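K.L.:
Have a look at the structure that comes next, please.
Nothing in this text is a laboratory measurement; each read-out follows from the coordinates by a stated rule. This one's a predicted model, so the numbers in the text were calculated from it and none came from an experiment. Quick reminder, even Gly has a Cβ in these numbers, built from the backbone with ideal geometry, and neighbours come from all protein chains shown.
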Amino acid sequence: MLRRLIAVVLSLLVAVSLFWLMQSLISSGNDQVKKADDFGGVDFVRLKKDETLETRSRKKPPKPPPPKKPPPPPDLSVKQQTPDRSPTPFKMPDLNVPTNIQGGPFLGGFAPGAGGNELIPLVRVAPRFPRRALRDGISGRVVMEIVVNPDGTVREAKVIEASPRGVFESAAISAVYKWKFKPKVVDGKPVEHVGVQELNFDLEN
């Protein structure tokens, strides 16, 4: 019981002392606010307006230079030369090409032998001389059986005889397929026909 009484007394003392401290703080703060009430005023300064105006003078631009004088027109009284439009004379080349084609852009040369069964070549293409035969200095001949279409082109070419064997056959067949023969006409119509053609490969020719 004594302890409770002591606690109540102490709490009252603490509360009274706190109220007193708060009152003293409030009274001291009012004095500081009153001293700070005197605020400085704000002064506005007006600048004097500059009434002087800057004037610019206008000048006329310089005149452009006069245009150049055009050249005088051509004198039409002078007689102009008329170009010569007559055709230029030239000599017609001789187009009579021989049927015995030799050499040319091909390696070596060849000479077509006599054909049989009415085979008349109109277009001949020289075969290429085989490089092996040219290197070894070999000459030879190839005899072929040729089947000619009604339009004169070669449909089939078959080697009948070759000397030496295995040297000139391929070159001869490749060339003959590019040949064109005179068509054979029976009862007024071209027909297919068969003939024999010989090609001679000669290094000395």
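Residue by residue, here is whether (1) of a type in the set (Val, Ile, Thr); (2) in a helix (DSSP H, G or I) holds:
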{"position": "GLU118", "(1), (2)": "no, no"}
{"position": "VAL125", "(1), (2)": "yes, no"}
{"position": "ARG132", "(1), (2)": "no, yes"}
{"position": "MET144", "(1), (2)": "no, no"}
{"position": "VAL154", "(1), (2)": "yes, no"}
{"position": "ARG165", "(1), (2)": "no, no"}
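K.L.:
Looking only at residues that are basic (Lys, Arg) and in contact (Cβ under 8 Å) with a residue 12 or more places away in the chain in the stretch 163-188, which one is nearest to ASP136 (Cα to Cα)? Full working, then the answer.
P.N.:
The first filter runs over the stretch 163-188 and keeps only residues basic (Lys, Arg), leaving 165, 178, 180, 182, 184.
With in contact (Cβ under 8 Å) with a residue 12 or more places away in the chain added as a condition, the list becomes 178, 180, 182, 184.
On the way: LYS178: 27, LYS180: 32, LYS182: 37, LYS184: 41 Å.
Out of the qualifying residues, it is LYS178.
K.L.:
I've got another one for you. Residues of the stretch 176-202 being over 14 Å from LEU122 (Cα atoms) and surrounded by 15 or more Cβ atoms within 10 Å (Cβ to Cβ), which ones? I'd like the intermediate steps shown before the answer.
P.N.:
If we filter the stretch 176-202 for residues that are over 14 Å from LEU122 (Cα atoms), which is where we start, we get 185-196, 198-202.
Of everything in the stretch 176-202, those that are over 14 Å from LEU122 (Cα atoms) and surrounded by 15 or more Cβ atoms within 10 Å (Cβ to Cβ) turn out to be PRO190, HIS193, VAL194, GLY195, VAL196, GLU198, LEU199, ASN200, PHE201.
K.L.:
Among the numbered criteria (1) surrounded by 13 or more Cβ atoms within 10 Å (Cβ to Cβ); (2) under 16 Å from LYS180 (Cβ atoms), which single criterion is violated by SER139?
P.N.:
So the condition that SER139 fails would be (2).
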